[in-house]
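First the structure, in the form of structure tokens, and then the observations on it.
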Amino acid sequence: DAGITQSPRHKVTETGTPVTLRCHQTENHRYMYWYRQDPGHGLRLIHYSYGVKDTDKGEVSDGYSVSRSKTEDFLLTLESATSSQTSVYFCAISKRDISEAFFGQGTRLTVV
Amino acid sequence: GQQLNQSPQSMFIQEGEDVSMNCTSSSIFNTWLWYKQDPGEGPVLLIALYKAGELTSNGRLTAQFGITRKDSFLNISASIPSDVGIYFCAGSKQGETSGSRLTFGEGTQLTVNP
């Protein structure tokens with residue numbers, strides 16, 4: 001694992017509650033990403049960051065927000081969790097543009 | 001959003017056989033990547049391709065970046081049981097602020113029978 005730690009690894013939460021997932025890297029890479037993985041859809045980009053306090057939306061950003069106050073940490077927040085956000089969430093990092101992306105081990109989130 | 005069409009969706013083969021899977025897109029990518037994912041784990045990078053026409057090997061794996069930049073294939077030779085898993089193709093477009101924003105195929109589930 002390329003120095004990427006996701007926490008928690010598993011979480012069950014109730015509809016309407018806020019949830020924050022954390023990604024921590026020890027590689028000092030500039031770029032960080034959040035993807036979700038669902039059956040039949042592969043992995044889809046939620047948000048990404050190209051530097052501290054620099055973030056942008058991905059393909060499926062509705063209902064999610066992110067923050068990056070330090071190079072090593074990238075947080076994904078579900079302000080009010082819905083059942084459609086039940087998924088496996090992966091954090092990824094890359095060193096530069098068009099570089100390879102390396103993934104964390106994932107967080108399995110269940111919204112009941 | 002844009003999609004990558006990956007085929008086949010699943011493969012069942014005997015140990016020792018060769019495997020081929022491919023990915024096509026309606027748009028051009030500057031980078032093609034191939035990942036393998038084991039159950040309960042994140043995707044692991046196998047091969048990265050950066051130039052149209054490029055052919056790259058990693059052990060028993062060989063991948064090519066299509067000349068049109070709209071496709072890529074992955075071959076696995078002499079399969080072994082530990083090759084079991086889901087293989088994903090991913091495409092990336094160049095951009096200073098976009099980094100490695102990847103578009104993924106839906107994956108090929110590979111089963112290898114001993």
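Computed from the coordinates by the stated procedures, all read-outs in this text should not be read as laboratory data. Here the structure is a predicted model, which is why all the values come from computation and not from measurement. Cβ: placed from backbone, ideal geometry, glycine included. Neighbour counts: every protein chain shown.
Computed from the Cβ-Cβ distance with R0 of 41 Å, the FRET efficiency linking B:Asn75 to A:Thr86 stands at 0.70.
Here the simple spin-label model places points 7 Å from the Cα toward Cβ, and for A:Ser7 and B:Asn113 these points are separated by 4.6 nm.
Here region B:3-114 yields Rg over Rh of 0.97, to two decimals, using C-alpha coordinates and the Kirkwood radius. Sequence-ordered 3J(HN,Hα) estimates for region B:74-85 from the Karplus curve with 6.51, -1.76 and 1.60 and θ = phi - 60° stand at 10, 10, 10, 9, 6, 4, 10, x, 6, 6, 4, x Hz, glycine and proline given as x. Database note for the protein assembly as shown: every Cys has another Cys beta carbon under 4.7 angstrom. Summarise the long-distance tail of P(r) for the protein assembly as shown by giving the % of C-alpha pairs beyond 27 Å. Of all Cα-Cα distances in the protein assembly as shown, 32 percent exceed 27 Å.
Can you list the trypsin sites (Lys or Arg not before Pro) in region B:1-72 that are in a DSSP coil and have 15 or fewer other beta carbons within 10 angstrom?
Counting only loop positions with at most 15 other Cβ atoms within 10 Å, the trypsin sites (Lys or Arg not before Pro) in region B:1-72 are B:Lys51, B:Arg60.
Other residues whose C-beta falls under 15 angstrom from the C-beta of B:Asn75 contribute a net charge of -3, scoring Lys and Arg +1 and Asp and Glu -1.
Spin-label model, A:Lys53 to B:Glu54: label points 7 Å out along the Cα-to-beta-carbon direction sit 3.5 nm apart.
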